Amino acid sequence: MSYNIQSLRAGFLGELFEPKDAGYNEARRIWNASVNKRPGLIARCSGIADAIAAINFGRENNLLTAIRGGGHNVGGRGLCDDGLVIDLSRMRSVFVDTATQRVRVQGGATLGDLDRETHVFGLSVPTGIVPKTGIGGLTLGGGVGWLVRKYGMTIDNLVSVQIVSADGQVLTSSLSENDDLFWALRGGGGNFGVVASFEFQTRSVDTVLGGFLLYPREAAFDVIRHYRDYIQSAPDELTAYAALLHGPDGTPLVGIISCYCGSSADGERVLRPLRTFGAPVMDGIQPLPFPAMQSLLAPAFPDGNQNYWKSTLQRELSDDAIRLIVDHGKRMSSPLSFVVLENYGGAAARVSKDATAYPHRDLPWDILFIAQWTQVEETVIHRDWARSGEEMLRPFSANAHLLSALDVETDEVVNTAFGQNLQRLAAIKKKFDPDNFFRVNQNIKPEA
Ligand SMILES: Cc1cc2nc3c(=O)[nH]c(=O)nc-3n(C[C@H](O)[C@H](O)[C@H](O)COP(=O)(O)OP(=O)(O)OC[C@H]3O[C@@H](n4cnc5c(N)ncnc54)[C@H](O)[C@@H]3O)c2cc1C
């Protein structure tokens, strides 16, 4: 690449890393060790002024440009080879306004950053379930987590964003300003600009009743079937996922992880049918400060492992599908891998399919085959296990995907994440990024 980095350096307050610089290898490292990209330049911004400078520099020098938030996109879309990475990992401030009960979060913050600050005031924002995930990629992809059934998806709690567009302009986007862009940002991914900050409505969530129920794997079919029937008539206060997993000593297990967001007495009553079913080897359900609930799964997703994900959204979870999932769990090629069965619905399902760019409000089940392992030379075995799980479920699949759960995929698969909203998204992409400057993402081509 030929460009004069001095022109960027002159007014840049953050850090710039080229391959020759100390710190470059650390700066290009992300959570998933399967991603090994070597950007030509990493611009770690100190704030919005740096982000504007980096966008202008990338555009003027015709550089392939990626946006890195929390670095947790499974396929490594926060990085690119050779080009420019606009790295927001220093922009992690969180400000709670107790008068409006709103919170402003910088674009590089993690879920953990957000939970830590809002918890001081007994407040929370519905996000995801692993604290090191970036609020940037998660929100722009929709965002599902422990409060999804009670308070909806992350995008359903978004009030406004401050975004820098491809031409370096700062825009505010909300229901009353640049509303077309605001619609697109709620599920359209990182296609429209660098979000410098998000503003969310918070919810009064302080302590929840939550934790694991674990059973021997032999009970998997019965446990998952019971969970399916139970969750479909459970109140919105409860979100619960099921998983096939292994214990720390390698014992195959089936687990239900629950989060009840309401009074403890009601939670005890609501959770009783789940907790009295079968013979759990562990019942860890207890009152938890919300950030502790948010951190329960952190040890299962450490930095530095190899990862590959496949997933599929389903309208229903039939007995036949459960049987296939349990069988595939027996073939799990690594004890670090999981099959996770996530159920959404509730408040998330009461938003209409075209109210935001996220179109799959009517598909409550997401089945994820999460392959995780340590030795790079074993990649094919573990990737194939995840792939064959998703292929096996195609007869039950809605041919639709949650954007944020996608690994590297074909355009055809990525388009199924946008579904019926793709055309409108393409028109908005053309308006705000006609040259497709922001294309290192789950890309929406500007409408022809
Ligand atoms: C361990 C783990 C757990 C997860 N759990 C959940 C979960 O519970 N719920 C859920 O909904 N998802 C979950 N996800 C998926 C996650 O939301 C997506 O992978 C998301 O892309 C991660 O965002 P990030 O900012 O960390 O990613 P990055 O890799 O930094 O960014 C990914 C993409 O997002 C865009 N982007 C990020 N920040 C910005 C910004 N400020 N402005 C503009 N574009 C930006 C860019 O296009 C970028 O290419 C999980 C992922 C992992 C790895």
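The values are calculated or read from the model by the stated rules, or taken from the named source; none is laboratory data. Since this is a predicted model, take the numbers as computed values, not measurements. Virtual Cβ from ideal backbone geometry, glycine too; neighbours counted across all protein chains shown. Just the protein is used for accessible areas: all its heavy atoms, side chains included, with ligands, DNA and RNA removed. Shrake-Rupley method; radii C 1.70, N 1.55, O 1.52, S 1.80 Å.
Assuming 0.36 nm per residue, please report the length gained on full extension of the stretch Thr410 to Asp435 beyond their Cα-Cα distance.
6.9 nm
Which distance in nm do the two modelled labels at Val170 and Lys330 give, with both placed 7 Å along the Cα-to-Cβ direction?
For the pair Val170/Lys330, the computed spacing is 6.0 nm.
Just to confirm, what accessible area per residue do you get for segment 42-98 at 1.4 Å probe, in whole Å²?
34
Where does the Debye-calculated log10 I(q)/I(0) of segment 94-204 sit at q = 0.13, 0.22, 0.23, 0.24 Å⁻¹, using only Cα point scatterers of equal weight, no solvent?
After summing over all Cα pairs, the log10 values are -0.42, -1.22, -1.33, -1.43.
Would you mind putting 347-353, 222-228, 264-270, 245-251 in packing order, based on average other-beta-carbon counts within 10 Å, highest first?
222-228, 347-353, 264-270, 245-251
Length gain on complete extension for the stretch Lys445 to Val380, per 0.36 nm per residue less the alpha carbon to alpha carbon distance?
20.3 nm
Find the accessible area per residue for segment 315-448; the probe is 1.4 Å, ligands and nucleic acids are left out, and the unit is Å².
Accessible surface, normalised per residue, equals 44 Å².
Express in nm, to one decimal, how much length is gained between Ser318 and Ala300 on full extension, taking 0.36 nm for each residue of separation and deducting their alpha carbon distance.
My answer for the length gained is 3.7 nm.
Please work out the average accessible area per residue across segment 186-312, using the 1.4 Å probe convention, and give it in Å².
36
How big is the antiparallel share of DSSP beta bridges in segment 6-87, given as a percent to the nearest 5?
Approximately 25 percent, going by the DSSP bridge assignments.
Where the accessible area of segment 1-66 is counted over protein heavy atoms with a 1.4 Å probe, how much of it, in %, is carbon and sulfur?
Carbon with sulfur: 47 percent of the solvent-accessible area.
At a 10 angstrom cut-off on C-beta neighbours, averaged per residue, how do the peptides 95-104, 156-165, 414-423 rank from highest to lowest?
Final packing ranking: 156-165, 414-423, 95-104.
Report the calculated FRET efficiency for Phe221 and Ala265 (r = Cβ-Cβ distance, R0 = 45 Å), to the nearest 0.05.
For R0 = 45 Å, the calculated efficiency reads 0.90.
With viscosity set to 0.890 mPa s at 25 °C, what whole-number translational diffusion coefficient in µm²/s follows for the chain from Stokes-Einstein and a Kirkwood radius over Cα pairs?
110
In segment 146-275, carbon and sulfur make up what percent of the accessible area (probe 1.4 Å)?
Solvent-exposed carbon and sulfur of segment 146-275 make up 46 percent of the total.
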